[in-house]
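Each value in this text was obtained by applying a stated rule to the coordinates, not by laboratory testing. If you're wondering where the values come from, they're calculated on a predicted model, not measured in any experiment. Glycine also receives a Cβ, built like all others from the backbone with ideal geometry; neighbour counts cover every protein chain displayed.
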2 protein chains.
Amino acid sequence: MIQTSPIDSVMRALADPTRRAVFERIARADEINVAELTRVSGVTQGAVSQHLKSLKLAGLVAERPQGRNVFYRARPEGLAPLFDWLSHYDLFWRDRFADLRSLLKEIDP
Amino acid sequence: MIQTSPIDSVMRALADPTRRAVFERIARADEINVAELTRVSGVTQGAVSQHLKSLKLAGLVAERPQGRNVFYRARPEGLAPLFDWLSHYDLFWRDRFADLRSLLKEIDP
DNA sequence: GACTCATATTAGTTTACGCTAATGCATTAG
DNA sequence: CTAATGCATTAGCGTAAACTAATATGAGTC
């Protein structure tokens, strides 16, 4: 695979459990700095910064430098490729399988 | 990371572009055998079988052996962890995007 | 200016992953 | 029975990826 499409980078970014956990932590917070992220991540600060770079390149997070801190926040639009990818199969599933609504009901009744 | 949760295996399975393409090809077809999958995949038959194994372990596909052929079909329920994960952020998106439920309404009002 | 503090970056190591080529194992065909 | 077909599995290779440790950068502090 030569080119890297948005869905590629988003999927890849979220595939790693540690990195996904970092993203989840950011999403739960309004804004959060690297030190706080590092505290819960279980890896070194350097590793966290690398994960943040990946997430940023995937469009999943944005940064706001303030003094010597850098605050990160989630970019929900960054998940659009994932939504699109899933919705692409919506029609398909509706015809042949239990539709997505029942699935959603199970998840969030 | 020691344990591997459903969301882990699903994400990881879909992260690789080649493997994701294999899944998409299966999803488009009703059923499809390995030879046909190999034809479009761009990799060898052995590689395809390995990808199929990953997808199967992730719960994304099911197999139906028939003679010396093995037909694969998509398991939409296998995507539930992904839906679950996304729905967790539904509230976050609701203001800016159509949420999953409205997406479904468009398809099947 | 010297010294922290917060984060980014780099180098180097280890592990995981995807791939090919080869082989194994059934099943069907002749 | 022998050969061919379809798929799975294995060994081995190359590369990518995640991590640590160390260092660089840059902003506040004294």
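Ascending distances from the A:Ser49 label point to its copies in the other chains, with the point 7 Å along the Cα-to-beta-carbon line: 4.6 nm. Count Lys and Arg as plus one, Asp and Glu as minus one, and take only other residues whose Cβ is under 11 Å from that of B:Val48; the net charge is then +3.
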